[in-house]
1. Evaluate the distance, in nm, between pseudo-label points positioned 7 Å from the Cα of residue 331 and of residue 398 along their respective Cα→Cβ axes.
2. How would segment 1-143 be classified by its alpha-carbon gyration tensor: rounded, prolate or oblate, with rounded meaning a/c under 1.5 and the a/b versus b/c comparison settling the rest?
3. Once label points are set 7 Å from the Cα along Cα→Cβ at both residue 270 and residue 54, what is their separation, rounded to one decimal in nm?
4. Can you tell me how the chain classifies by the Cα gyration tensor, rounded, prolate or oblate, using a/c under 1.5 as the rounded cut?
5. How many percent of DSSP beta bridges within the chain run antiparallel, rounded to 5?
6. List the lysines whose Cα lies under 22 Å from the Cα of residue 68, skipping any in the same chain that are fewer than 8 positions away.
7. Local charge sum around residue 118 (other residues, Cβ-Cβ under 9 Å, Lys/Arg +1, Asp/Glu -1)?
8. Return the loop-located GluC sites (Glu not before Pro) in segment 194-249 (DSSP other than H, G, I, E, B) with at most 15 other Cβ atoms within 10 Å of their own Cβ; answer none if there are none.
Amino acid sequence: MSTSVVSSPASRVLREGAFGSAVNLVCRECGATASLGAYYACAECFGPLEIGYDFPAVSREQIEAGPKNIWRYQPLLPVPVDIAGSPNMEPGFTRLIKAHNLGRELGIRNLWVKDDSGNPTHSFKDRVVAVALSAARELGMKVFACPSTGNLANAVAAAGARAGMKTVVFIPDDLERPKVLTTAVYGGTLIAVKGNYDDVNRLASEIAGEEDGWAFVNVNVRPYYSEGSKTLGFEVTEQLGWRLPQQVVIPVASGSQLTKVDKGFSELVSLGLVEEAPYKIFGAQAHGCSPVAAAFKGGHDVVRPVKPDTIAKSLAIGNPADGPYVLDVARRTGGAIEDVTDEEVLDGIQLLARTEGVFAETAGGVTIATLKKLVETGQLDPDAETVVFNTGDGLKTLDAVADRVGPAATIEPTYAAFTGTGLS
Ligand SMILES: Cc1ncc(COP(=O)(O)O)c(C=O)c1O
Ligand SMILES: [Zn+2]
């Protein structure tokens, strides 16, 4: 079949093994296939395309002998076998911490935090961008670009700089200042757009359709990009000793991450790398941008777009591309999609910091607050092994907590002044 959305240089000949064990693109709606390229929409039905594979036999030992980053899972990603050797950010293999204190406070017996703030640009986006960068290179693209709610901007600008590729990043003009600066510092082109993320995303899709050789990581190379999120599922499973968690709580913006963690789990099972066991996937949204939670609670299959209004700007996607698939995953696994207020988000940030010494950005606050709500409302089993994701670093959204935390006292540098505070 032919494909309708093309933006790679037409004459490009792919090198052998450019996409590892990936063999084609498959429509998630009608199952039609397309050849590997910078395509994201099915020519038959306009459904989203994802990567199809012919996986080789892979063993746990082989993976464990690989590099301590996402490339240990190379056979399960659309990247070449020599990927670890080309300049990249080497994301992944972030810590999975046993959250005894948080678990005790919430009444959850067996709780873990997957802390993805430890990635090179301090969010999980380094994972998806690393895979998209590989695709952009193999397809001979000239510009590495994205529309972003902030973290993706950081990751694209940094990865492009390291790979020596021109980058162009589009952000809403009301983004948190630290996210603007930590993108601009890498020296690529940063464009602030007067509008919200959904406006920025529409503009990016238009540019992707008009310009040749532009790889918009989450638009025309989205099938490759989204595969990077599988590595969160792979790592959690490996770090638990090759065991699937029973419950996972994941933040939802476009919904790509949540659906790919599920895909990662099922691939591990089908490859015999992990024993099949039931798991439930829960999604977390901020109330001010909760189109997927609303659809879940209303029993709808269609996600009705909203105009975002929340401090959790990284999750402020009002028209989520993967929304319907998130609903499928939550319903199929017996999970749920829940939402929390901005006040609860701030409480969530402070709760995680106070109990586990992990400072999350607002997206992490959403996820921790949702975990709390899910257990309080009886939707989450407090006795089942649970992993909650912190996907970004609190240093990028400092202003969110600025009115809530600070010094207990400001004193003269004398012992008397110190004892006078009554804090000793
Ligand atoms: C920190 C953080 N967590 C989670 C997400 C959600 O990602 P997705 O769009 O894959 O749902 C984002 C998206 O920007 C993010 O920045
Ligand atoms: Zn289709």
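The values are calculated or read from the model by the stated rules, or taken from the named source; none is laboratory data. Predicted model only: the values in this text are computed from it and were never measured. Cβ coordinates were reconstructed from backbone atoms using ideal geometry, including for glycine residues, and neighbour counts include every protein chain displayed. In case anyone asks, the SASA skips ligands and DNA or RNA and just uses the protein heavy atoms, side chains included. Shrake-Rupley method; radii C 1.70, N 1.55, O 1.52, S 1.80 Å.
1. 4.5
2. Taking the square roots of the gyration eigenvalues as a ≥ b ≥ c, segment 1-143 is prolate.
3. 1.5
4. In terms of gyration-tensor shape, prolate.
5. Bridges in the chain are about 30 percent antiparallel.
6. Those lysines meeting the cut-off are 98, 114, 125, 230, 260, 263.
7. Overall, the nearby charge balance is -2.
8. Within segment 194-249, the qualifying GluC sites (Glu not before Pro) (loop, at most 15 other Cβ atoms within 10 Å) are 211.
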